[in-house]
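J.: My questions all concern the structure below.
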Amino acid sequence: MKLTIIGTGYVGLVTGTCFAEVGHQVICVDNNESKVKLLQSGGIPIYEPGLEELVKKNVAAGRLRFTASTKDGVENSDIIFIAVPTPPLPDGAVDLSFIEGVAREIAASMTSYKIVVDKSTVPVKTGDKVAETIKRYCKAKVEFDVVSNPEFLREGFAVEDLMKPDRVVIGVRSQRPVAAMKEVYTPFNAPIIVTDINSAELIKHAANSFLALKISYINAISVICEASGANVQEVANGIGLDARIGRRFLDAGLGFGGSCFPKDLSAFIKISDQLGYDFALLKEVQRINAQQMERFFKKITETLWVLKDKKIGVLGLAFKQNTDDVRSSPAIDLCQRLQKEGAILRVHDPKAMDKAKDVLKNVTYVENMNDVADGCDALVVATEWPEFKKLDLERTRKALTHPILFDGRNLFDLLEMEKLGFIYKSVGR
Ligand code: UGA
């Protein structure tokens with residue numbers, strides 16, 4: 001099928017590439033010309049495991065190409081996916097100006113029937129607005145259908161999530177685009193849910209909010225565990241084996257961050273409010289998340305007391321493992337709090353140091369994770385990178401002036417840390 005994806009961010013670029021990988025003809029459009037040039041020359045603007053190889057393979061096979069022209073994309077495809085950012089506004093609502101702008105551009109270039117699919121996370125009822133906009137700005141007055149097809153990929157696992165989705169949600173206003181949309185997704189062998197547009201849009205916000213709720217729930221349990229001497233990982237394993245609950249997204253720690261959960265929660269609370277419902281449950285999810293960071297920070301200050309001029313090593317800057325994304329990263333937030341109190345930081349991240357340099361200044365970026373602790377008063381683990389489990393703990397203990405390790409992601413074994421002689425503080429255990 002001939003497909004165009006507008007927006008080459010985490011969602012758009014991976015989606016376009018995976019569509020090409022299963023045999024579709026894909027054009028990826030971005031209005032950032034330097035990004036398009038980079039992609040055309042074989043460069044990849046983000047780190048996502050497996051992506052670079054897939055892009056190269058599909059460009060070479062002639063199934064994937066990049067352009068800065070929306071007109072080119074619209075004229076040469078039947079289905080156009082919108083995958084542009086929907087950033088938060090200061091009041092928690094969503095900035096839909098990129099969606100509106102792209103809808104207008106698509107409308108201006110349409111000369112025959114097109115299916116316009118929204119992939120970006122948007123508030124319920126956005127589909128209606130996109131349809132109105134296209135109708136208003138399409139001079140050629142051709143027929144079109146608007147579809148909602150929310151994306152559920154996780155950064156760091158995006159290729160895997162896209163190639164093997166748990167489900168595909170297709171929201172439509174009429175039956176006309178259904179067959180073509182199903183054909184797009186047939187190669188992925190996933191259950192397909194066809195529903196109305198409002199429900200499809202709501203599925204995305206409801207899913208992300210529920211996952212955030214799950215994390216806040218286990219973080220609240222971690223507080224009870226600390227107060228009672230229980231171990232949150234044991235509790236998570238015990239409740240997670242109940243198939244109705246499931247073990248995933250029950251890892252207590254510094255709380256959730258990233259460009260999705262915090263933003264989507266605020267947006268969902270806002271929309272619910274506009275629809276006449278006070279979603280207090282989700283406000284509590286936000287409150288627990290903020291408190292989790294406070295509690296961890298307090299653990300550090302209670303142990304180290306005055307932070308001014310203390311040298312602290314920090315492992316992890318990305319908002320989670322397997323990504324170079326530092327947007328709304330709890331790790332960066334923690335670093336900035338430590339800096340505010342006068343601490344001197346030595347930091348390391350396997351992939352996110354370049355991006356972190358834009359937001360985290362006046363720290364020493366250390367290339368090798370085993371060198372971070374050198375001369376530090378304490379070491380902090382802030383991101384759940386699996387490679388941190390391979391840290392040379394013997395060397396780290398000797399490198400620290402005091403063997404204090406704060407583990408915000410519960411990566412290490414309690415007994416082993418005790419045996420190695422660490423003063424080891426983790427979350428909920
Ligand atoms: C999330 C959803 O998981 C995706 O399904 C969705 O498509 C995406 O948002 C989106 O809306 O685009 P993502 O933000 O990439 O994906 O990352 P997650 O793996 O969900 O992690 C989010 C945050 O929760 C991270 O800061 C992570 O450290 C934290 N987390 C996750 C925990 O603290 N504990 C857990 O058990 C799991």
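J.: Taking a quarter of the surface of the Cα convex hull of segment 73-179, what do you get in nm²?
T.: Working: hull surface 30.8 nm².
Over all viewing directions, segment 73-179 projects a mean Cα-hull area of 7.7 nm².
J.: So what's the gap between the Cα centers of segment 302-366 and segment 207-285, to the nearest angstrom?
T.: Their Cα centres are 24 Å away from one another.
J.: Sticking with this one: Report the label-to-label distance for SER69 and ARG167 in nanometres (one decimal), using points 7 Å from each Cα along the Cα→Cβ vector.
T.: Here the answer is 4.1 nm between the modelled labels.
J.: Please identify the chymotrypsin sites (Phe, Trp or Tyr not before Pro) of segment 207-312 that satisfy two criteria: DSSP loop assignment and at most 14 other Cβ atoms within 10 Å. Which are they?
T.: Details: sites: PHE210, TYR217, PHE249, PHE256, PHE268, TYR277, PHE279, PHE296, PHE297, TRP305; in loops: PHE249, PHE256, TYR277, PHE279, TRP305.
Answer in residue order: TYR277, TRP305.
J.: Still on this structure, I have one more. Taking Rh as the Kirkwood radius, which is the inverse of the mean 1/r over Cα pairs, what is the Rg/Rh value for the chain?
T.: Values: Rg = 23.3 Å, Rh = 23.2 Å.
Taking Rg over the Kirkwood Rh, I get 1.01.
J.: Right, here's the next one. Convert 37 °C to kelvin, take the viscosity as 0.692 mPa s, use the Kirkwood radius over C-alpha pairs of segment 211-425 as Rh, and evaluate the Stokes-Einstein diffusion coefficient in µm²/s, rounded to a whole number.
T.: Working: Rh = 18.0 Å.
Rounded to a whole number, D works out at 183 µm²/s.
J.: Let me ask you something else. Excluding ligands, DNA and RNA, what is the solvent-accessible area per residue of the chain at a probe of 1.4 Å, expressed in Å²? If you can, show how the numbers build up before the last one.
T.: Numbers: 19220 Å² over 429 residues.
So the chain comes to 45 Å² accessible per residue, rounded to a whole number.
J.: Run through the DSSP bridge list for segment 2-190 and note the antiparallel percent, rounded to the nearest 5.
T.: Numbers: 2 of 24 bridges.
Around 10 percent of the beta bridges assigned by DSSP in segment 2-190 are antiparallel ones.
J.: Provide, in order from the shortest bin, the percent of all Cα-Cα pairs of segment 1-90 in each 10 Å bin, continuing until the bin that contains the maximum pair distance.
T.: Reading upward from the zero bin: 19, 55, 22, 3, 0.
J.: For the chain, give me the percentage of DSSP beta bridges that are antiparallel, rounded to the nearest 5 percent. Intermediate results must be reported in sequence, preceding the final value.
T.: Working: 2 of 46 bridges.
Roughly 5 percent of the DSSP beta bridges within the chain come out antiparallel.
J.: Can you give me the relative contact order of segment 2-190 as a percent, contacts being Cα pairs under 8 Å and 6 or more apart?
T.: This gives 21 percent for segment 2-190.
J.: For the Cα atoms of the chain, what angle does the longest principal axis make with the long axis of helix 280-304, in degrees from 0 to 90, nearest 10?
T.: 30 degrees
J.: Continuing with this model, one more query. For the pairs LYS125/LYS355; LYS298/LYS355; LYS56/LYS141, flag any whose C-alpha to C-alpha distance is greater than 31 Å. All intermediate terms of the calculation are to be shown ahead of the outcome.
T.: Working: LYS125/LYS355 34 Å; LYS298/LYS355 27 Å; LYS56/LYS141 38 Å.
Cα-Cα > 31 Å for LYS125/LYS355; LYS56/LYS141; rest within.
J.: Moving to a separate point now. Give me a comma-separated list of calculated 3J(HN,Hα) values for segment 52-62, in order, Karplus coefficients 6.51, -1.76, 1.60 applied at θ = phi - 60°, integers in Hz, x for any Gly or Pro.
T.: Values per residue, Gly and Pro as x: 4, 4, 5, 4, 4, 4, 7, 5, 4, 7, x Hz.
J.: Compute the relative contact order of the chain as a whole-number percentage, counting only Cα pairs closer than 8 Å that sit 6 or more residues apart in sequence. Don't skip to the answer; put the middle values down first.
T.: Details: 847 pairs, mean separation 49.7, N = 429.
Once divided by the residue count of the chain, the mean separation gives 12 percent.
J.: If you take the C-alpha gyration tensor of segment 2-190, multiply each eigenvalue by 5 and take the square root, what semi-axes do you get, largest first, in whole Å? Write down the numbers at each step before the final one.
T.: Working: eigenvalues 112, 65, 64 Å².
Output for segment 2-190: semi-axes of 24, 18, 18 Å.
J.: Quick one: what Rg and Dmax do you get for segment 303-391 from the alpha carbons, in Å?
T.: Answer for segment 303-391, Rg first and Dmax second: 11.8, 33 Å.
J.: Using each residue's phi in segment 319-330, evaluate 6.51 cos²θ - 1.76 cosθ + 1.60 at θ = phi - 60° and report the 3J(HN,Hα) Karplus result to the nearest Hz, with x for Gly and Pro.
T.: So the Karplus estimates, Gly and Pro as x, are 6, 6, 6, 6, 9, 9, 7, 10, 5, 6, 7, x Hz.
J.: What list of ³J(HN,Hα) values in whole Hz, one per residue of segment 175-189 in order, does the Karplus curve 6.51 cos²θ - 1.76 cosθ + 1.60 (θ = phi - 60°) give from phi, with Gly and Pro shown as x?
T.: Whole-Hz 3J(HN,Hα) from phi for segment 175-189: 7, 3, x, 4, 4, 5, 5, 5, 5, 4, 9, 3, x, 8, 6.
J.: With bins 10 Å wide starting at 0, give me the P(r) of segment 267-356 over every alpha carbon pair, in whole percents.
T.: 15, 35, 29, 16, 5, 0
J.: Using DSSP to call loops (not H, G, I, E or B), can you name the GluC sites (Glu not before Pro) in segment 322-429 whose Cβ has at most 13 other Cβ atoms within 10 angstrom? Spell out each step's value before the answer.
T.: Working: sites: GLU341, GLU367, GLU384, GLU387, GLU394, GLU416, GLU418; in loops: GLU341, GLU367, GLU384.
When the GluC sites (Glu not before Pro) of segment 322-429 are filtered for loop state and at most 13 Cβ neighbours within 10 Å, GLU367 remain.
J.: Considering only C-alpha atoms, what is the centroid distance from segment 36-102 to segment 108-135, in Å?
T.: Rounded to whole Å, the Cα centres lie 17 Å apart.
J.: What value does segment 2-43 have for Rg/Rh, both radii from Cα atoms and Rh as Kirkwood defines it?
T.: Details: Rg = 9.8 Å, Rh = 10.3 Å.
With Rg and the Kirkwood Rh in hand, the quotient comes to 0.95.
The values are calculated or read from the model by the stated rules, or taken from the named source; none is laboratory data. Just so it is clear, the model here is predicted, and its values are computed rather than measured. When we count neighbours, we look across all protein chains shown, and the Cβ atoms used for this are built from the backbone with ideal geometry, even at glycine. Side chains are part of the model used for accessible areas, which takes the heavy atoms of the whole protein and leaves out ligands, DNA and RNA. Shrake-Rupley method; radii C 1.70, N 1.55, O 1.52, S 1.80 Å.
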